[in-house]
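The values are calculated or read from the model by the stated rules, or taken from the named source; none is laboratory data. These numbers come from a predicted model, not from an experiment. Note: ideal-geometry Cβ built from the backbone for every residue, glycine included; neighbour counts use all protein chains shown.
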Amino acid sequence: MTNLIKKAARVAGFVLCMAYSFALGKYAVFPYEYIYELKHTYFTRDQVQTERNPMYLYKRAMHRTFPGKGDVVMVGDSLTDNARWEDMFPDAKIVNRGIAGDDTTGVLARIDTLIATGAKKAFIMLGTNDIDRGMSAEGIVNNIGNIAGQLNEAGMEIIIESTLRSGKRYHQKNSMINEINRQLAILCKARNYHYVDINQALAASGLLNPEYSLDDTHINHKGYAAWRQEIAGFF
């Protein structure tokens, strides 16, 4: 009976780990690619958009209640949200408007909170969560262009950063990421925006450098140091 209980506990633990990884998009248990495909087969983009997690809703509400003022606004998802921009650029007045789990549709829905900062420059880095939620490269670029256009109309200088490539575990995303970045470079040239390819520093081999990565998606302190170097000229 004791052995049976232990086996049942192991199975339950494995299932819970899979469920946790499945929900967060951090596929830290085997089989990675199967879980990735399963999520995209059974969970639609509309479902994700209407079921934002409480922390996302809390941060969005806080940004509306307390707009914050700064010369620079950083726009993005968890990669932006996780950074300590005020420590990375201590002489600049920066408002961090990254929210973990966000995508281009989510940013468009909260564009008012970005404009409310009164920033003179906007750094935009988005795309990877949109891929996870089934949006096409063209749709992602169109949304980023819409975000940039509204911020530019509000008087902001636009710096679009390349969508960050994934590491080995999620390599299947990189062909679309490369296409997004190709189109973003064209968009920036046509509209006279700045384009910064941070993959040159963080993913020069075609994959996110494991030295800079926590989980083949997010980056560590070394990754942020490399990112800082790529955009330092704008500060």
**OP:** For residue 127, indicate whether it is more than 18 Å from residue 183 (Cα to Cα), touching a residue at least 24 places away in the same chain (Cβ under 8 Å) and assigned by TED's automatic domain parsing to the domain that holds residue 164.
**Re:** no
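Rundown of residues vs (1) of a type outside the set (A, V, I, L, M, F, W, C); (2) in the same structural domain as residue 140 (by TED's automatic domain parsing); (3) touching a helix residue (DSSP H, G or I) at 6+ places or on another chain (Cβ under 8 Å); (4) outside any loop (DSSP other than H, G, I, E, B), yes/no style:
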residue	(1), (2), (3), (4)
159	no, yes, yes, yes
164	no, yes, yes, no
177	no, yes, yes, yes
180	no, yes, yes, yes
190	no, yes, no, yes
204	no, yes, no, no
**OP:** Enumerate the helices (runs of 4 or more DSSP H) found wholly within segment 71-117, keeping only those where 2 or more residues are more than 12 Å from residue 129 (Cβ to Cβ).
**Re:** 85-88, 104-109, 111-115
Original post:
Could you say whether any residue in segment 176-185 is buried (at least 21 other Cβ atoms within 10 Å of the Cβ), among the aliphatic types (A, V, I, L, M), in contact with a strand residue (DSSP E or B) (Cβ under 9 Å, 6 or more places away or on another chain) and within 20 Å of residue 95 (Cα to Cα)?
Top reply: no
Original post:
Of 76, 106, 155, 127, which residue is over 18 Å from residue 56 (Cβ atoms) and modelled with pLDDT of 95 or more?
Top reply: 155
**OP:** Take residue 147 and decide whether it is touching a Phe, Trp or Tyr at 6+ places or on another chain (Cβ under 6 Å), among the β-branched types (Val, Ile, Thr) and in contact (Cβ under 8 Å) with a residue 60 or more places away in the chain.
**Re:** no
Original post:
Within segment 201-216, can one find any residue that is crowded, with 20+ Cβ neighbours inside 10 Å, touching a Phe, Trp or Tyr at 6+ places or on another chain (Cβ under 8 Å) and farther than 20 Å from residue 233 by Cα?
Top reply: yes
**OP:** Report, by residue number, each residue of segment 39-73 that is modelled with pLDDT under 95 and touching a strand residue (DSSP E or B) at 6+ places or on another chain (Cβ under 7 Å).
**Re:** 68
Original post:
Of these, 91, 112, 77, which one is in the same structural domain as residue 228 (by TED's automatic domain parsing), acidic (Asp, Glu), in contact (Cβ under 8 Å) with a residue 40 or more places away in the chain and crowded, with 22+ Cβ neighbours inside 10 Å?
Top reply: 77
Original post:
Out of the residues in segment 151-175 that are free of Cβ contacts under 8 Å to residues at least 40 places away in the same chain, buried (at least 17 other Cβ atoms within 10 Å of the Cβ) and not small (Gly, Ala, Ser), which is farthest from residue 98 (Cα to Cα)?
Top reply: 174
Original post:
Can residue 191 be described as surrounded by fewer than 21 Cβ atoms within 10 Å (Cβ to Cβ), out of contact with any His (no Cβ under 9 Å at 6 or more places or on another chain) and touching a residue at least 24 places away in the same chain (Cβ under 8 Å)?
Top reply: yes
Original post:
What's the number of the condition residue 142 fails, among (1) polar (S, T, N, Q); (2) over 21 Å from residue 194 (Cα atoms); (3) free of Cβ contacts under 8 Å to residues at least 40 places away in the same chain?
Top reply: (2)
